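The values are calculated or read from the model by the stated rules, or taken from the named source; none is laboratory data. Note that the structure is predicted; figures quoted are calculated from it, not measured. Because the Cβ atoms are built from the backbone with ideal geometry, glycine has one as well, and the counts that use them run over all protein chains shown.
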C-alpha cells in the first residue's frame, strides 16, 4: 500500500519528512475520530464497503504517555484520543496510555502482554516476537525513551519510538535512542517557555534508524487549543499546539501504518540486545 500525500515540513530540516497521509487523516484513509466499525479478532465479516476483513495479524503493543501532570484518561489530550483510533483501526493491537510517571507500570504491562503462555517468564521466543511502539508528548516523550531503554535491558526490541516536543525529565537522556529501537522520530518546536529537544540520535546508528528531527512552526498557522486551560494557552501555547497538531498525528498515524501493515519487522538477534544501556 503506497502512502499518498507527501507534505513538506513547516520549516526545512536536514532530514526528509516521512511519507504521510492527508493532514485531515489520523491514519492513511481514516479521518481522525471516524468510527470505521473495526471487526473483532478472527472475524470473517465484511466492512461497510463489502471488503472482507484482512486475516488477524500477530498482536502489537502501542503505549502512549501524556506530558506534565496530565491524567491518563483526560480526553482533551490527543495522545488519548489517538489510542482510541488505534483500537478502532487495528483489532489485533493492544493500545494503552499512561501518565509519564507510570513508566514502571507500563513496563510491567508490556511484560505481561508478551507472556503469551502466562507462565510468568518471558522466553527468548516471546521476547523476539515483541512488536512494541511507544509515543509521547513532553515529559511523556522523555518517558518513551526511558521505557525503551528498560525494555532493551531485558532483551526486548522496540519497533518505533515517537517523541513530540520532548522535555527531558531529571535523570533521563531523551536525546539518545537505545539500540534495541529499530526506528525513531522526533517532532519539536522552538518557541515559548517550553520547547522540546531539537535533535535525537542513535546510540548505535547501525541498529537504529533516525527517521528525522522535524521542526514545526505555529506563528503563521496556529492550532486551536480551546479545550485547554487559559494559563496553558497563555504560558505554553506552542507546546500544546504541537500536541494538538493534526499534521503531526497524521504523520504518526502513517508511520504506525507502515509498521503494522507494510513492513513486518525482523528484530535483531537476541544476542545483540543483551546488556543494552
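Any idea which residue in segment 125-141 is surrounded by the fewest Cβ atoms within 10 Å (Cβ to Cβ), counting only those that are over 20 Å from residue 187 (Cβ atoms) and out of contact with any strand residue (DSSP E or B) (no Cβ under 7 Å at 6 or more places or on another chain)? Of everything passing the filter in segment 125-141, 125 is surrounded by the fewest Cβ atoms within 10 Å (Cβ to Cβ).
Looking only at helices (runs of 4 or more DSSP H) that lie completely in segment 150-260, which have at least 2 residues being touching a residue at least 60 places away in the same chain (Cβ under 8 Å) and either within 22 Å of residue 105 (Cβ to Cβ) or within 20 Å of the chain's Cα centre (by Cα) (or both)? Correct list: 237-244, 246-257.
Kindly indicate whether any position in segment 114-124 is surrounded by 21 or more Cβ atoms within 10 Å (Cβ to Cβ) and in contact (Cβ under 8 Å) with a residue 60 or more places away in the chain. There is no residue in segment 114-124 that is surrounded by 21 or more Cβ atoms within 10 Å (Cβ to Cβ) and in contact (Cβ under 8 Å) with a residue 60 or more places away in the chain. If only residues of segment 190-209 that are crowded, with 18+ Cβ neighbours inside 10 Å and at pLDDT 75 or above are counted, the one that is farthest from residue 172 (Cα to Cα) is 207.
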